[in-house]
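These notes concern the structure reproduced below.
The values are calculated or read from the model by the stated rules, or taken from the named source; none is laboratory data. Not measured: the values here are computed from a predicted model. Here the Cβ positions follow ideal geometry from the backbone for every residue, glycine too, while neighbour counts run over all protein chains shown.
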Amino acid sequence: MKHSVFLESSIMQKGLPATAGSKMLEDFIAPVDAAVVEKLVGAGVEIVERVDIGEFGLSGLFEDGDVSFCEELTDAVSRFAKSDADAFLCNDFTGIISRAAVSEGLYYIHPTYGTVSRYGLISSVCSMDQIGVVCKEPEAGFDVLKIISGYDSRDGIMVSDRADGKKAEEPSPCFEVDVNQVSNDYSGIYRQVMQILCAGEFSNNINRYDGIKFGYRARGYKDLNELYARSRTEAFGEDVKLAAVVGAMVLYGDNYERYYNKAMCIRRLIKESPKFDMYDVIVGKCPFLSRLCGLPSLSVPGGHVYIADAGREDILKAVSKAVIGGNVSVGNDELSGKIKALKGGAL
């Protein structure tokens, strides 16, 4: 089956504008094809439209989960939902795109960190940047994910052979649900840890946008400092300015240990908290866990997020069949489920 896709404007296509939704890059023409574009074209997938989803994907970082404030994002997701395209590729490091998708009755597949090459993606938060797939049907979404996945030496976080050794036969779509409260001491501070780490990394990443080497340049400046200040003031939106200021604050002097390094330590504890030796899938309504831990997840209409162990997109594919078939019901608790494969499972 031939697929067609939308692309977020932070994913480069050679010769086309790659703005990442920012005035700072309004005149930037991509010099290369992103790795995912190379793979899509090689597989005969048609790229039908490029869309903006908010400046550098930062929309939602300092919000409470309501997606209606970002018209660019909601318009893009709505246009995709009404189109004939099968998938929409985007970098959803804040989880806001997955929330917008499920509100439109769509699915979002967030792959394991390092599964999809970020070569040709305009970076925002390097430790969480990962191209994922919004889709109308999970089967088509996983097909597209398979096309764009795979080792790429141009992305330094990827490894040529997965070291986890957990790939096995595809699990059965037959599941039973044993509902248990999953103990997690850190769920109440996911958002704060995300905000500190994202702001810190993003603040460093945008140092390149100075109005000199490339990007928007203000006119009528008197000296170098005024060039920097006016270019960034005129070209960046409120979300970017807020993230830049917060990032500079948490990285400055003693604040580095007090905020940023402490958030890094808590992130390590969060990564160690999922007990995938006990659970096949953790079910919740918060997308932050998978982003902080680099784990694969599936967001479904209704708001539930199914999170599997690293490299186990195969389990999520089986879960999607069970969800669509009506065989999974986990209630509405924040972290409420244990899903166990009955037969043909890989655990």
Go through the range 4-25 and report how many residues are in contact (Cβ under 8 Å) with a residue 60 or more places away in the chain, farther than 26 Å from ALA140 by Cβ and surrounded by fewer than 24 Cβ atoms within 10 Å (Cβ to Cβ). 2
If you check every pair at least six apart or on different chains, which have Cβ atoms under 9 Å apart with a residue in the range 116-133 that is over 21 Å from ILE147 (Cα atoms) and assigned by TED's automatic domain parsing to the domain that holds ILE97 first and a residue that is of a type in the set (S, T, N, Q) and surrounded by fewer than 24 Cβ atoms within 10 Å (Cβ to Cβ) second? SER123/ASN205; SER124/ASN205; VAL125/ASN205; CYS126/ASN204; CYS126/ASN205
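Listed residues SER273, SER290, SER297; which is closer than 24 Å to PHE56 by Cα, out of contact with any helix residue (DSSP H, G or I) (no Cβ under 8 Å at 6 or more places or on another chain) and either crowded, with 20+ Cβ neighbours inside 10 Å or modelled with pLDDT under 95 (or both)?
On the way: SER273 fails: closer than 24 Å to PHE56 by Cα; SER297 fails: out of contact with any helix residue (DSSP H, G or I) (no Cβ under 8 Å at 6 or more places or on another chain).
From the options SER273, SER290, SER297, the qualifying one is SER290.
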So THR74 fits all but one of (1) surrounded by fewer than 20 Cβ atoms within 10 Å (Cβ to Cβ); (2) touching a strand residue (DSSP E or B) at 6+ places or on another chain (Cβ under 9 Å); (3) polar (S, T, N, Q); what number is the exception? (2)
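Which of the following residues is within 20 Å of GLY57 (Cα to Cα), surrounded by 13 or more Cβ atoms within 10 Å (Cβ to Cβ) and basic (Lys, Arg): ARG208, ARG232?
On the way: ARG208 fails: surrounded by 13 or more Cβ atoms within 10 Å (Cβ to Cβ).
Of the residues listed, the single one that is within 20 Å of GLY57 (Cα to Cα), surrounded by 13 or more Cβ atoms within 10 Å (Cβ to Cβ) and basic (Lys, Arg) is ARG232.
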